[in-house]
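Working notes, structure below.
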Amino acid sequence: MAAGVFTGRRARRAALTASAGLGLGFILLPLLLVMWLAFFRQEIPSFPPQGYTLRWFAAVPANRSFASGFLLSVQVSVVATFIGVALAVPASLALVRGRLPLKPVMNTLLMLPLVVPGVVLGAAIYVGELETELATEWPVLGSVTGLIAAHTLIVIPWAVRLVTASLSTLNPVVEEAAKNLGATPWVTFRRVTLPAIRPGLVAGALFGFVTSFGNLEASLFLVGPGQTTLPIAILQYLAWKIDPTVAAVSLLQIVVIAVAMLITDRFVKLSQVV
Amino acid sequence: MARLELENLTKHYGGQATVRGVTLDIPDGEFLVLLGPSGCGKTTTLRMIAGFIEPSGGSVRLGGQDITHRPPWRRNTGMVFQSYALFPHMTVAQNVAFGLEMRKIGRAEREARALEALRMVRLDGLADRLPRQMSGGQQQRVALARALAIRPDVLLLDEPLSNLDAKLREEVRIEIRQLQQQLGLTAIMVTHDQEEALTVADRLVVMAEGEIRQIGSQQDLYERPADRFVAGFVGRSTVITGQVREPGLFESAGGLRLRCQGATAPGAASLVLRPEAIHLDPPPDEHNRLEGEVTFASYLGPVLELHLRLSAEDRITVHLPNRGGAGLIRAGDRVSIGWPQDTGIVFAGTA
């Protein structure tokens, strides 16, 4: 009987491990395939590889649209992440601590950019920017400013989600204690609230950055002539060529994101936040 | 350290009054306890003193100054919370020094005073720990040190012992009382635990439904309760409902005729009896002699608790001192009990 229980438990654990492994493999397979492809020698990717080379990596910076796309992407994502997080903090405070009417509605509205399909979001922002430009003659359409504004929208839901999550683990009584000891609301925020929500802040910034960096659909509508972000540059390249340069670019993109995650993990243990 | 005066302090939420006209004068160095069931307004009163809740009316004066509308960070009150409320990312020493830092006290003096406060609660050896590395009792003592370090005009304690287990609770409350006396602090503690209230207080305030029901010493509340609520809330008691027939004669709902004092006006009334004031096998000349059937008996160590049925309608709880050795009384036994006429307290009305 006891043996039966143990075999049952062991079998269950084996089944769990197997299905987790299967899921992980399913996620990793395309990534690994792309990484492998980046080193193939032949111009048209086919199996088996006819040898290995690094020349596709050399081709990446040589390609003007990849180089400038990468720089623009970094620029837009970094600025949008900063603005998005800066907006998300007061929004989260209001959502968790404030006495707002329609709190669930507000929360849903802030999550909206995550829910609406990227193409719809992009088209909507395009129309919005077009109308703004027509009304004010302010050349926002196709400008980097317009692009950053759209990416800020992409960052906000991530930042709000993760900041509110870490904020709700902080007992408001701790903030009261600070005020009781003589801290003004601003000092209380800086010395007590901010350190407590730091993990959520860092994680929110990371996820916002990664999503913004990889965003294609919304950006497609908004880039100006001669300007492309990295994902758009990849798409345009793919339109007429499928040599492993694209795989090499993708590998570089994966490396950028992985490095961002590793750096973040040094400051905040990601396993605790996500 | 200062005198605290509350005058007609009131708080409404919408149309609902949670605190109504609380007036208290707490002299310098007194330990006052606000006692009452949850929702009686005691915590709201304390939070109005700390400045976390804006009163709807009335005033708070601390050391002669009106602080009614001052924000919490500009009042010199030291608060200890039920949930400790330590800053989780700061060490014990940083927690205790926080209030001093806010007061722009230089680093050297700050560290010295923080250590001194920690020494008072015997935790100076754990200054570099983080709160999460400590037990609940230790955390609450750190919170106490943090509140004391700023040398507050008044120490406010909001159910500070409720999260601790029974043994620790006793230890920490004695510690709080000793420190308060040593430092000559004015202190106000909120609690629903009467034993806790009775051990530490110089003076107690019983609150119910947002109002003060009685202010007095432990003895006042226990022996001379102002109303049936206080009588029932402070200490154990049996309430027998019935009528005052004539001065000195109470007739219970079950028809028992009992001699009592203080009952002059005939009419509906209730008689409140403390379980330990009733004794077994009374002398023949006792004022009230009754027989009853034991419905429930429990052995509590120092006392034996008996529930008796005196008539179809009347029940009574009796505590007998445990003398040891004597034959235990069991459910189903019939016993005779009695009490002198000046033991019970009669309150007019049925409510």
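Return the residues of segment B:12-43 that are buried (at least 16 other Cβ atoms within 10 Å of the Cβ) and without any contact (Cβ under 8 Å) to a residue 60 or more places away in the chain; say none if nothing qualifies. The answer is none; no residue qualifies.
Of the set (1) at positive phi; (2) surrounded by 17 or more Cβ atoms within 10 Å (Cβ to Cβ), all apply to B:Gly184 but (2). If the condition is being of a type in the set (Phe, Trp, Tyr) and part of a strand (DSSP E or B), then segment B:5-52 contributes B:Tyr13, B:Phe31. Within segment B:50-75, the set of residues being over 20 Å from A:Thr188 (Cα atoms) and touching a residue at least 40 places away in the same chain (Cβ under 8 Å) comprises B:Pro55, B:Ser56, B:Gly57, B:Gly58, B:Ser59, B:Val60, B:Arg61, B:Leu62, B:Gly63, B:Gly64. A:Phe70 meets each of the listed conditions (1) surrounded by 14 or more Cβ atoms within 10 Å (Cβ to Cβ); (2) farther than 25 Å from A:Ile154 by Cβ; (3) not hydroxyl-bearing (Ser, Thr, Tyr) apart from (2).
Among the residues of segment B:86-104, just one is within 7 Å of chain A (Cβ to nearest Cβ), more than 14 Å from A:Glu175 (Cβ to Cβ) and surrounded by 19 or more Cβ atoms within 10 Å (Cβ to Cβ), namely B:Gly99.
Only helices (runs of 4 or more DSSP H) whose full extent lies in segment A:157-218 are considered here, and the ones with at least 3 residues that are of a type in the set (Phe, Trp, Tyr) are A:194-214. A:Pro139 meets the conditions (1) modelled with pLDDT under 85; (2) within 14 Å of chain B (Cβ to nearest Cβ) in every case but one. The failed one is (2).
Taking segment B:130-160, which residues are more than 22 Å from B:Gln180 (Cβ to Cβ), away from chain A (no Cβ under 14 Å) and surrounded by 17 or more Cβ atoms within 10 Å (Cβ to Cβ)? Residue satisfying the conditions is B:Met134 alone. Going by the structure shown, is B:Ile53 closer than 20 Å to B:Arg203 by Cα, hydrophobic (A, V, I, L, M, F, W, C), within 14 Å of chain A (Cβ to nearest Cβ) and crowded, with 17+ Cβ neighbours inside 10 Å? Criteria not met by B:Ile53. Residues of segment B:193-250 that are in contact with a Pro (Cβ under 8 Å, 6 or more places away or on another chain), modelled with pLDDT of 90 or more and not aliphatic (A, V, I, L, M): B:Gln214 alone. Scan segment A:170-188 for residues that are more than 7 Å from chain B (Cβ to nearest Cβ), in contact with a helix residue (DSSP H, G or I) (Cβ under 8 Å, 6 or more places away or on another chain) and not aliphatic (A, V, I, L, M) and report the count. So the answer is 3. When A:Thr169, A:Thr184, A:Thr145 are checked against the criterion of being surrounded by fewer than 20 Cβ atoms within 10 Å (Cβ to Cβ), at pLDDT below 85 and of a type in the set (S, T, N, Q), a single residue qualifies: A:Thr145. Taking the conditions (1) out of contact with any helix residue (DSSP H, G or I) (no Cβ under 7 Å at 6 or more places or on another chain); (2) of a type in the set (Lys, Arg); (3) away from chain A (no Cβ under 14 Å) in turn, B:Arg47 satisfies each one other than (3). The condition (being on the phi < 0 side of the Ramachandran plot, away from chain B (no Cβ under 14 Å) and modelled with pLDDT under 85) is satisfied by just one residue among A:Thr245, A:Thr211: A:Thr245.
The values are calculated or read from the model by the stated rules, or taken from the named source; none is laboratory data. Since the structure is predicted, the reported quantities are computational estimates derived from the model, not experimental observations. Heads up, the Cβs are rebuilt from the backbone with ideal geometry, glycines too, and the neighbour counts pull from every protein chain shown.
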